[in-house]
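Peer 1: Could you have a look at this structure, given as structure tokens, before my questions?
The values are calculated or read from the model by the stated rules, or taken from the named source; none is laboratory data. Just so it is clear, the structure is predicted and the values come from calculations on it, not from any experiment. All Cβ positions, even for glycine, are placed from backbone atoms using ideal geometry, and neighbour counts span all protein chains on display. Keep in mind that these areas ignore ligands, DNA and RNA; they rest on the heavy atoms of the full protein, side chains included. Shrake-Rupley method; radii C 1.70, N 1.55, O 1.52, S 1.80 Å.
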Protein chains: 2
Amino acid sequence: MEQLVKVAVDAMGGDYAPEEPVKGAVEAVRADERIFVYLVGKKDLIEKELEKYTYPRERIEVVHASEVIETAEPPVNAIRGKKDSSIVVALTLVRKGEADAFVSSGSTGAVLVGGQVLVGRIKGVERAPLAPLIPTAGGASLLIDCGANVDARASHLVQFAQMGSIYMESVMGIKNPRVAIVNIGAEEEKGNALVKETFPLLKECQHINFIGSIEARDIPAGYADVIVCEAFVGNVILKLYEGVGATLISKVKEGMMTTLRSKIGALLVKPALKTTLKAFDASQYGGAPLLGLKGLVVKTHGSSKSMEICNSVLQCIQFKSENISGQIQEHITEV
Amino acid sequence: MEQLVKVAVDAMGGDYAPEEPVKGAVEAVRADERIFVYLVGKKDLIEKELEKYTYPRERIEVVHASEVIETAEPPVNAIRGKKDSSIVVALTLVRKGEADAFVSSGSTGAVLVGGQVLVGRIKGVERAPLAPLIPTAGGASLLIDCGANVDARASHLVQFAQMGSIYMESVMGIKNPRVAIVNIGAEEEKGNALVKETFPLLKECQHINFIGSIEARDIPAGYADVIVCEAFVGNVILKLYEGVGATLISKVKEGMMTTLRSKIGALLVKPALKTTLKAFDASQYGGAPLLGLKGLVVKTHGSSKSMEICNSVLQCIQFKSENISGQIQEHITEV
């Protein structure tokens with residue numbers, strides 16, 4: 001029998017805990033028999049949720065953790081202080097090799113800090129970037145770094161480009177992925193100090209297909225597969241993506257409801273529109289991996305429902321079978 | 001008779017020069033009798049365009065300039081080298097006080113450099129930011145700085161907040177405009193080094209209504225009137241706004257065309273939808289002013305049609321009558 005992929009799921013993280021993480025875990029073990037889930041958190045709450053479902057019981061194990069890290073808590077203190085929190089207990093399973101991966105919708109800060117401190121970075125990796133997939137006209141691009149390391153240096157960005165390439169090629173199956181750096185103009189002399197320093201380093205970098213600068217305007221069109229940027233900029237891109245999308249779609253709906261004629265039209269248009277807009281919905285891609293760690297750590301939206309958690313758990317299969325951490329260790333260069 | 005507002009329009013700038021700038025100038029003098037336009041550029045080309053229209057001839061004057069600055073030229077060299085370019089000649093009219101304002105769809109870099117070098121900053125202003133209005137769910141917000149000064153310092157951002165407030169209150173008529181700084185979280189301790197340094201300075205700043213951080217997700221919803229950020233981030237926001245909007249709208253159209261049923265619906269929905277989406281179109285607001293200069297300099301999109309140019313020219317009336325430059329000189333503080 002094929003080896004199981006063991007994923008620790010934070011049952012206490014996110015706006016809909018424990019209901020949605022538990023449901024997501026159940027959906028994942030049902031969907032793929034290679035998946036084994038540790039549901040980490042308050043045992044009584046988790047078991048109460050689990051009673052609602054039928055599922056292969058030998059592939060879900062509840063691991064008790066008595067504490068919960070709240071979103072507002074300062075991450076470093078929380079990781080140090082709450083040794084029996086779901087995040088610390090689950091990450092410790094990954095560190096010990098008992099779990100291959102950790103999936104959480106909980107505090108981003110605590111997951112990032114905990115991942116680096118408890119699981120640890122691969123030798124040679126200077127910073128571990130958060131790298132979500134964002135929807136584009138043609139599919140999806142990897143946005144790296146998206147909030148883990150503000151005020152990063154040029155050498156960090158070069159490693160982000162390398163790690164992002166490996167991820168897109170091995171997990172997403174994109175051959176020779178196009179790597180671009182976010183810039184405010186297409187020419188090489190454009191940019192802020194960080195981009196000007198990073199650009200020539202990326203040009204020289206082996207094993208990546210660097211295509212130059214990308215302006216933010218061209219990101220949704222899908223001109224690059226790996227979009228390299230500093231974390232502050234990446235976070236702005238990710239959140240503005242969501243914000244413009246949400247506002248525009250509500251404007252479209254509002255527009256359709258203004259006249260009787262348009263209301264009738266809306267009824268006819270709705271099913272087809274739903275399908276197309278779904279392709280532009282970030283949650284279908286599951287969570288964002290924190291790359292460069294010795295085990296896989298995946299952060300999902302705080303507002304994740306079971307589908308996003310299930311997808312994030314399933315994504316761990318590919319990550320393990322392609323040995324992403326091993327590939328990163330092998331190919332990363334220190335600048 | 002009321003004093004004329006004299007606007008120098010770059011007849012050679014942008015993708016549709018000289019047709020659209022000339023047309024925009026004609027529309028502006030027709031729309032408001034307080035407007036006088038200097039059309040600056042190649043005389044023969046401009047006059048050939050003008051022949052197409054009837055308009056009050058005493059309020060358009062052609063000023064010959066034999067050279068054109070191309071978008072790809074390095075801005076500093078272009079401003080220094082092409083003394084008889086439309087941008088240099090027009091900005092010189094502003095410097096001499098012969099024109100109140102300059103409107104151009106030409107090279108952003110050359111307009112920014114030329115504005116600072118030829119027109120000059122108001123005493124006390126450290127940097128002149130580019131400040132476009134961006135559409136939001138409820139109206140429009142001012143995004144400042146949007147590309148003029150990358151790697152700005154905290155003291156610059158504080159002045160941007162002050163200038164932006166004056167603009168939104170006096171030109172857009174928004175009482176006590178809400179000022180926010182772009183950040184990657186709502187809490188005061190979040191952010192990169194620049195934001196952390198700027199935040200307390202904005203809290204102490206007099207004469208502005210500082211409401212704290214704004215996450216990029218909340219910008220389209222219109223949570224703030226003046227959105228302060230460093231130019232690299234501002235440029236990313238502006239361009240991503242356009243990019244996500246364009247991609248989503250094309251997805252919506254594509255979605256409507258997938259089935260026969262949805263095609264019929266699309267016909268019914270179209271007119272109402274057009275009206276709503278127009279409210280989310282940046283070009284209705286005219287161009288972006290470069291604030292803090294002794295005269296008004298307005299940069300419009302390279303792809304501007306006559307409507308955007310006309311709106312930009314008309315916006316100069318309010319700028320002059322409210323004496324924005326005088327107000328900035330009076331209220332700006334040096335940190």
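Peer 1: How far, in nm to one decimal, is B:HIS207 from itself in the other copies if the label point is set 7 angstrom along Cα toward Cβ? Shortest first, please.
Peer 2: Once sorted, the set of distances for B:HIS207 reads 5.7 nm.
Peer 1: Given charges of +1 on the Cβ of Lys and Arg and -1 on the Cβ of Asp and Glu, with all other atoms neutral, how large is the dipole of the stretch B:77-198 about its Cα centre, in debye to the nearest 20? Intermediate values should be presented prior to the final figure.
Peer 2: Numbers: 13 positive and 11 negative charges, 87 e Å.
With only Lys, Arg, Asp and Glu charged at Cβ, the dipole is about 420 debye.
Peer 1: Quick one: what are the phi-derived ³J(HN,Hα) couplings along the stretch A:254-260, Karplus 6.51/-1.76/1.60 with θ = phi - 60°, whole Hz, x for glycine and proline?
Peer 2: Rounded to whole hertz, the list is 4, x, 6, 9, 7, 10, 4.
Peer 1: According to the Kirkwood expression over distinct Cα-Cα pairs, how big is the hydrodynamic radius of the stretch A:186-335, in Å?
Peer 2: After inverting the mean inverse Cα-Cα distance, the result is 19.0 Å.
Peer 1: Something else about it: When the helices in the protein assembly as shown are scored as -39500 (n - 2.57) per DSSP H run of 4 or longer and the sum is shared across all residues, what 222 nm value do you end up with, to the nearest 500 deg cm²/dmol?
Peer 2: Values: 22 runs with 286 residues, N = 670.
Rounded to the nearest 500, it is -13500 deg cm²/dmol.
Peer 1: Using DSSP, restrict attention to beta bridges with both residues in the protein assembly as shown and report what percent are antiparallel, rounded to the nearest 5.
Peer 2: 20
Peer 1: A further question on this structure: What GluC sites (Glu not before Pro) in the stretch A:166-197 are in a loop by DSSP, with at most 14 other Cβ atoms within 10 Å of the Cβ?
Peer 2: The qualifying sites are A:GLU187, A:GLU188, A:GLU189.
Peer 1: I would also like to ask the following. Non-local amide H neighbours of B:VAL62 (under 5 Å, H modeled in plane, Pro and chain starts lacking H): which ones?
Peer 2: Counting only residues 5 or more places away or on other chains, the set is B:LEU39.
Peer 1: Same structure again: 7 Å along Cα→Cβ for the label point: how many nanometres lie between A:GLY138 and each equivalent label in the other copies, listed shortest first?
Peer 2: Label point to label point, same position, other copies: 4.0 nm.
Peer 1: Something else: Give me the Debye-computed log₁₀ of I(q)/I(0) at q = 0.07 Å⁻¹ for the protein assembly as shown, equal point scatterers on Cα only, no solvent, two decimals.
Peer 2: Each listed q maps to, in turn, -0.51.
Peer 1: Let me ask another. According to the Cα gyration tensor, what semi-axes, each the square root of 5 times an eigenvalue, does the equivalent ellipsoid of chain A have, listed from largest to smallest in whole Å? It would help to have the intermediate numbers written out before the result.
Peer 2: On the way: eigenvalues 195, 161, 64 Å².
Value: 31, 28, 18 Å, ordered largest first.
Peer 1: How much accessible area per residue does the stretch A:154-266 have, counting only protein heavy atoms and a probe of 1.4 Å, in square angstrom?
Peer 2: Each residue of the stretch A:154-266 exposes 37 Å² on average to a 1.4 Å probe.
Peer 1: Shifting gears a bit: Across the stretch B:112-119, in residue order, what do the Karplus-derived ³J(HN,Hα) couplings come to in whole Hz, using 6.51 cos²θ - 1.76 cosθ + 1.60 with θ = phi - 60° and x for Gly and Pro?
Peer 2: 3J(HN,Hα) across the stretch B:112-119, in whole Hz: 5, 5, x, x, 5, 6, 8, 8.
Peer 1: Continuing with this model, one more query. Percent antiparallel among DSSP beta bridges with both residues in the stretch B:178-335, to the nearest 5?
Peer 2: Bridges in the stretch B:178-335 that DSSP calls antiparallel: roughly 25 percent.
Peer 1: Hey, another quick one. Please report how far the C-alpha centroid of the stretch B:150-190 lies from that of the stretch A:242-290, rounded to the nearest whole angstrom.
Peer 2: One Cα centre to the other: 32 Å.
Peer 1: Once the Cα gyration tensor of the stretch B:1-59 is found, what semi-axes does its equivalent ellipsoid get, as square roots of 5 times the eigenvalues, in whole Å, sorted largest first?
Peer 2: One finds semi-axes of 20, 12, 10 Å for the stretch B:1-59.
Peer 1: Still on this structure, please answer the following. Put the label 7 Å from Cα along Cα→Cβ for A:GLU19; what are its distances to the other copies, in nanometres, shortest first?
Peer 2: From this label point to the equivalent ones elsewhere in the assembly: 5.8 nm.
Peer 1: I've got another one for you. Which pairs break 24 Å Cα to Cα here: A:LYS270/B:LYS270; B:LYS42/B:LYS82; A:LYS96/A:LYS239; B:LYS43/B:LYS123; B:LYS42/B:LYS320; A:LYS42/A:LYS83?
Peer 2: Flagged as over cut-off: A:LYS96/A:LYS239; B:LYS43/B:LYS123; B:LYS42/B:LYS320.
Peer 1: Continuing with the same structure: Ignoring ligands, DNA and RNA, what accessible area per residue does the stretch B:1-93 give at 1.4 Å, in Å²?
Peer 2: With all protein chains present, the stretch B:1-93 gives 50 Å² per residue.
Peer 1: Next up: With Cβ to Cβ distances under 14 Å as the rule, what net charge do the other residues near B:GLY97 carry (K, R +1; D, E -1)?
Peer 2: The answer is +3.
Peer 1: Quick query: amide H of B:VAL297 versus all other amide H atoms, modeled in the peptide plane; which residues come in under 5 Å with a sequence gap of 5 or more or a different chain?
Peer 2: B:PHE102, B:LEU290
Peer 1: Right, something else. Would you work out the charge dipole size for the stretch B:1-143 about its Cα centre, treating the Cβ of every Lys and Arg as +1 and the Cβ of every Asp and Glu as -1, and quote it to the nearest 20 debye?
Peer 2: 500
Peer 1: For the stretch A:118-163, what does the convex hull of the Cα positions come to per residue, in cubic angstrom?
Peer 2: Hull volume over Cα atoms, normalised by residue count, gives 98 Å³.
Peer 1: Still on this structure, I have one more. Would you mind giving the mean number of other chain beta-carbons within 10 Å of the Cβ of each residue in B:249-262, as a whole number?
Peer 2: So the per-residue partner count for this stretch is 6.
Peer 1: What's the long-distance tail for the stretch A:266-332, i.e. % of Cα pairs beyond 15 Å?
Peer 2: Details: 1366 of 2211 pairs.
That fraction is 62 percent.
Peer 1: Any aspartates and glutamates with Cα under 18 Å of the A:LYS23 Cα? List them, leaving off those in the same chain fewer than 8 positions away.
Peer 2: A:ASP10, A:ASP15, A:ASP32, A:GLU33, A:ASP44, A:GLU47, A:GLU49, A:GLU51, A:GLU58, A:GLU61, A:GLU308
Peer 1: Let me ask another. Stokes-Einstein at 20 °C, 1.002 mPa s, Kirkwood radius from Cα pairs: D for the stretch A:154-273 in µm² s⁻¹?
Peer 2: Diffusion coefficient, whole number: 130 µm²/s.
Peer 1: Ordered by packing density, taken as the mean number of other Cβ atoms within 10 Å over each peptide's residues, highest first, how do B:261-267, A:26-32, B:296-302 rank?
Peer 2: Answer by packing, highest mean first, reads B:296-302, A:26-32, B:261-267.
Peer 1: Taking every residue in B:211-221, how many Cβ atoms of other protein chains lie within 10 Å of its Cβ, on average? It would help to have the intermediate numbers written out before the result.
Peer 2: On the way: counts 0, 0, 0, 0, 6, 10, 12, 4, 6, 10, 5.
Partner-chain Cβ atoms within 10 Å, mean over residues of B:211-221: 5.
Peer 1: So if I place +1 on the C-beta of Lys and Arg and -1 on the C-beta of Asp and Glu, and nothing else carries charge, what would the dipole magnitude of the stretch B:178-335 be about its Cα centre? I want it in debye, nearest 20.
Peer 2: It works out to roughly 1100 debye.
Peer 1: Restricting things to alpha carbons, tell me how big the stretch B:49-172 is in terms of Rg and Dmax, in Å.
Peer 2: 16.8, 51
Peer 1: Looking at B:LEU4, B:LEU130, B:ILE166, which one has the Cα that reaches farthest to the positive end of the dipole of the protein assembly as shown (charges on Cβ: Lys, Arg +1; Asp, Glu -1)?
Peer 2: Looking along the dipole axis, the top candidate is B:LEU4.
Peer 1: Excluding A:GLU334 itself, calculate the net charge of residues whose Cβ lies under 11 Å from the Cβ of A:GLU334, where each Lys or Arg counts +1 and each Asp or Glu counts -1.
Peer 2: Residues near A:GLU334 contribute 0 overall.
Peer 1: In whole percent, how big is the carbon plus sulfur part of the accessible area of the stretch B:171-253, probe 1.4 Å, protein atoms only?
Peer 2: Looking at the stretch B:171-253 in its full context, I get 52 percent from C and S.
Peer 1: Right, something else. Residue by residue through the stretch B:314-323, what is 3J(HN,Hα) from phi via Karplus (6.51 cos²θ - 1.76 cosθ + 1.60, θ = phi - 60°)? Round to whole Hz and write x for glycine and proline.
Peer 2: Each residue of the stretch B:314-323 in turn: 5, 5, 5, 4, 4, 4, 6, 5, 8, 6 Hz.
Peer 1: How big is the Kirkwood radius of the stretch B:67-112, worked out from every pair of different alpha carbons and given in Å to one decimal? Mind dumping the intermediate values first?
Peer 2: On the way: mean 1/r = 0.0945 Å⁻¹.
When all Cα pairs of the stretch B:67-112 are included, the Kirkwood radius is 10.6 Å.
Peer 1: Taking the Cα centre of each part, how many Å lie between the stretch A:1-55 and the stretch B:20-76?
Peer 2: A separation of 68 Å, based on Cα centres.
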